[in-house]
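One structure is given here, and the rest of the page talks about it.
The values are calculated or read from the model by the stated rules, or taken from the named source; none is laboratory data. Predicted model only: the values in this text are computed from it and were never measured. For neighbour counting, all protein chains shown are included, and Cβ atoms are generated from backbone atoms with ideal geometry for every residue, glycine included. We work out accessible area using only protein heavy atoms, side chains counted, and drop any ligands, DNA or RNA first. Shrake-Rupley method; radii C 1.70, N 1.55, O 1.52, S 1.80 Å.
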2 protein chains.
Amino acid sequence: MARLVQCVPNFSEGRNKEIVEKIVEEIRIIDEVKLLDYSMDKDHNRSVVTFIGEPEKVIEAAFNATKTAAELIDMKTHRGGHPRMGATDVIPLIPISDITMEECIEYSIQLGKRIGEELGISVFLYEKSAKSKERENLADIRRGQYEGMAEKLKKEEWQPDFGPDILNERAGVTAVGARMPLVAFNVNLATGDVEIAKKIANVVRARTGGFTYCKAIGLEIAERGIVQVSMNMVDYTRTSLFRVFDTIEREAKRYGVNVIGSEIIGLVPMQALVDVADYYLRLENFDSSQILEKRMFE
Amino acid sequence: MARLVQCVPNFSEGRNKEIVEKIVEEIRIIDEVKLLDYSMDKDHNRSVVTFIGEPEKVIEAAFNATKTAAELIDMKTHRGGHPRMGATDVIPLIPISDITMEECIEYSIQLGKRIGEELGISVFLYEKSAKSKERENLADIRRGQYEGMAEKLKKEEWQPDFGPDILNERAGVTAVGARMPLVAFNVNLATGDVEIAKKIANVVRARTGGFTYCKAIGLEIAERGIVQVSMNMVDYTRTSLFRVFDTIEREAKRYGVNVIGSEIIGLVPMQALVDVADYYLRLENFDSSQILEKRMFE
């Protein structure tokens with residue numbers, strides 16, 4: 001299959017449809033890139049756009065959208081319920097198919113450099129692209145929000161990775177970085193006792209000693225009279241869906257509870273499911289280039 | 001993902017590379033079609049070409065290749081070790097992605113009609129496209145081979161579906177039809193006793209009371225000191241890989257034998273693996289349009 005990168009930029013405009021459409025048009029107009037979704041949030045006054053394509057085309061589309069956002073959005077007058085620091089607030093690049101994280105980091109650096117140099121916007125590299133531990137977490141970079149950025153950029157430890165060290169008052173500050181795809185994965189349990197879901201969430205999630213790349217909470221699904229371990233799998237290549245599923249099933253047995261089923265919410269990279277099949281069938285020497293569809297689009 | 005059909009035509013030339021190249025070129029030349037593989041067999045004096053693409057383009061490529069084969073191959077002088085009846089011997093159309101068997105049958109009828117009418121070659125529709133039970137099996141249609149076709153076409157029960165009822169002496173007869181993809185699937189057992197593999201093959205294969213769309217034999221893998229249930233899954237949508245795998249594992253236990261692993265040989269449609277993941281994770285309401293790669297190429 002083609003080398004595929006997903007990009008999910010967030011823009012600080014969620015009320016003026018005309019402006020959002022003009023930004024989205026920059027992505028739609030590039031043939032080799034596929035717009036998957038975009039949504040406007042009025043309360044947050046923020047839009048999230050999802051698109052996918054070959055990496056060179058994806059960063060071209062992201063750059064053009066950032067340029068248009070800088071022209072059409074004025075951060076000086078922006079109000080909204082979601083933390084934000086720039087007209088284009090954050091641009092994650094996500095490896096999907098036949099591309100490594102290292103390559104995605106390289107593309108995020110190219111993109112950040114262009115935004116900094118050509119658009120005169122201060123850029124921080126974040127997540128896997130971050131140059132230091134302090135810049136991995138978007139919340140740390142964004143702390144103080146747009147209103148605090150003029151001061152923040154004066155500090156030695158917050159010199160931007162690209163672009164000016166003086167705030168672009170109109171466009172604000174943008175974070176660019178590579179990260180793994182999220183898979184929203186829920187496992188449903190045949191009990192009404194939410195404490196069991198919470199205990200199992202405790203067992204599987206990283207924060208309380210479970211799997212490193214799993215975030216989990218236990219919650220009730222009142223309309224079905226059941227409970228759920230609701231998860232974000234933040235790196236399916238290292239913490240696999242099947243391993244977490246099997247662990248939940250085993251833990252549930254300890255309480256005499258059965259697993260009803262699981263759900264994948266939203267989009268999932270093909271490889272995350274192929275890994276599951278590979279595991280349960282105990283495939284020997286399977287290579288995903290054996291998948292017919294991959295051959296078609298390589 | 002795009003609507004995808006695979007096509008695996010067999011041509012009665014396996015020695016003259018120049019001729020085979022000219023036939024293959026008709027497929028390669030069409031941009032929207034992807035040539036996956038082709039191989040020449042000298043003993044059989046036969047070539048097998050595999051390609052994939054959108055259905056309209058696939059039948060265009062198949063028609064052009066059939067036309068060129070009719071120009072370059074003379075069946076009057078053809079000798080070879082494999083049963084054959086035409087310059088283009090057989091053209092299977094195989095649904096891979098976002099296309100139904102019914103649609104593939106429709107495309108095979110279009111293709112057969114063009115070959116019959118425009119190239120003056122007698123065409124039999126076979127497999128799922130067959131108009132009667134007697135024409136489903138390619139071996140029945142081909143019985144008597146090229147040398148017997150002039151007589152066979154005179155019989156009322158062997159009037160062709162398209163094209164002349166008098167043999168085209170140069171091009172012979174062609175079978176066109178839709179069929180499901182084959183998945184070559186082997187399960188390896190931790191024993192040296194080939195009788196156990198044979199007994200389990202007996203349990204899972206259609207011919208001896210097993211799963212309808214499973215063909216199986218038991219054999220020894222001498223170099224590894226193990227045995228194998230070697231299978232052709234002829235309709236993975238009705239006889240699933242996971243169900244056969246689980247059955248083999250259970251049967252092996254009856255002899256105190258473990259399953260070492262399994263192998264998929266050659267190409268496999270993505271859906272066959274997604275079905276496995278769906279089963280073991282007990283996915284609720286999963287739709288393969290949630291797979292990111294499918295969105296890119298739809």
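Annotation for B:D287 and A:N64: the two label points, set 7 Å from Cα along the Cα-Cβ direction, are 2.9 nm apart. Sequence-ordered 3J(HN,Hα) estimates for segment B:72-87 from the Karplus curve with 6.51, -1.76 and 1.60 and θ = phi - 60° stand at 9, 10, 10, 5, 4, 10, 6, 10, x, x, 10, x, 7, 9, x, 4 Hz, glycine and proline given as x. Percent of Cα pairs in the protein assembly as shown per distance bin of 20 Å, from zero to the largest separation: 17, 40, 30, 12, 1. With θ taken as phi - 60° and the Karplus curve 6.51 cos²θ - 1.76 cosθ + 1.60 applied, the whole-hertz 3J(HN,Hα) list for segment A:155-163 is 6, 4, 6, 10, 5, x, 6, 9, x Hz, x standing for glycine and proline. Around the amide H of A:S262, modelled in the peptide plane, lie the amide H atoms of A:N188, B:L283, B:E284, all under 5 Å away and 5 or more residues distant in sequence or on another chain.
Between copies, B:E56 shows label-point distances of 2.9 nm, shortest first, with the point placed 7 angstrom from Cα along Cα to C-beta.
When chains A and B come together, the accessible area they lose, probed at 1.4 Å and totalled over both chains, is close to 4300 Å².
Helix-derived [θ] at 222 nm for chain B: sum -39500 (n - 2.57) over DSSP H runs of at least 4, divide by residue count, nearest 500?
Helices in chain B give a 222 nm mean residue ellipticity of -10500 deg cm²/dmol.
Pairs of Cα atoms nearer than 8 Å and 6+ residues apart set the relative contact order; for chain A it is 16 percent. For segment B:140-215, trypsin sites (Lys or Arg not before Pro) meeting the loop criterion (DSSP other than H, G, I, E, B) and having at most 12 other Cβ atoms within 10 Å: B:K154, B:K155. Working note: Karplus 6.51/-1.76/1.60 with θ = phi - 60° gives segment A:269-274 the couplings x, 3, 4, 4, 7, 4 Hz, where Gly and Pro are set to x. Taking one quarter of the surface of the C-alpha convex hull of chain A gives a mean projected area of 17.1 nm². Structure remark: mean-square fluctuation, Gaussian network model of chain B, C-alpha springs under 10 Å; the largest value among B:N137, B:N202, B:N285 belongs to B:N285. The calculated FRET efficiency for A:Q159 paired with B:E169, based on their beta-carbon distance and R0 = 56 Å, is about 0.10.
Take the alpha carbon gyration tensor of segment B:112-245, find the square roots of its eigenvalues, order them as a ≥ b ≥ c, and report rounded if a/c is under 1.5; if not, report prolate when a/b exceeds b/c, else oblate.
Prolate shape, in that a/c is at least 1.5 and a/b is the bigger ratio.
Between the alpha-carbon centres of segment B:120-177 and segment A:275-298 there is a gap of 38 Å. In the full protein context, segment B:1-64 carries 42 Å² of accessible surface per residue, based on a 1.4 Å probe and ignoring ligands, DNA and RNA. Mean-square fluctuation check for chain A, GNM, Cα pairs under 10 Å: which of A:K34, A:K133, A:K57 is largest? With Cα springs under 10 Å in chain A, the top fluctuation among A:K34, A:K133, A:K57 is at A:K133.
In chain A, the longest principal axis of the Cα atoms and the axis of helix A:194-204 are about 70 degrees apart.
With its label point put 7 Å out from Cα toward Cβ, A:E71 sits 5.2 nm from the same residue's point in the other copies, in order from shortest. Computed from the C-beta positions of A:A150 and B:T77, the FRET efficiency with R₀ = 60 Å rounds to 0.10. With a Förster radius of 45 Å applied to the beta-carbon distance between B:E103 and A:L219, the computed FRET efficiency rounds to 0.55. Checking the cross-link pairs B:K67/B:K154; A:K294/B:K128; A:K34/B:K57; A:K294/B:K57; A:K42/B:K294; B:K67/B:K152 against a 20 Å limit on the alpha carbon distance flags B:K67/B:K154; A:K294/B:K128; A:K34/B:K57; A:K42/B:K294; B:K67/B:K152 as lying beyond it.
If you run the Gaussian network model on chain A, springs between alpha carbon atoms under 10 Å, then out of A:E32, A:E223, A:E156 the most flexible one is A:E223. Take the alpha carbon atoms of segment B:183-260, find their center, do the same for segment B:21-75, and report the distance between the two centers in whole angstrom. After rounding, the separation between the Cα centres reads 34 Å. Gain on full extension, evaluated as 0.36 nm per residue between B:E117 and B:N16 minus their Cα-Cα distance, stands at 33.5 nm.
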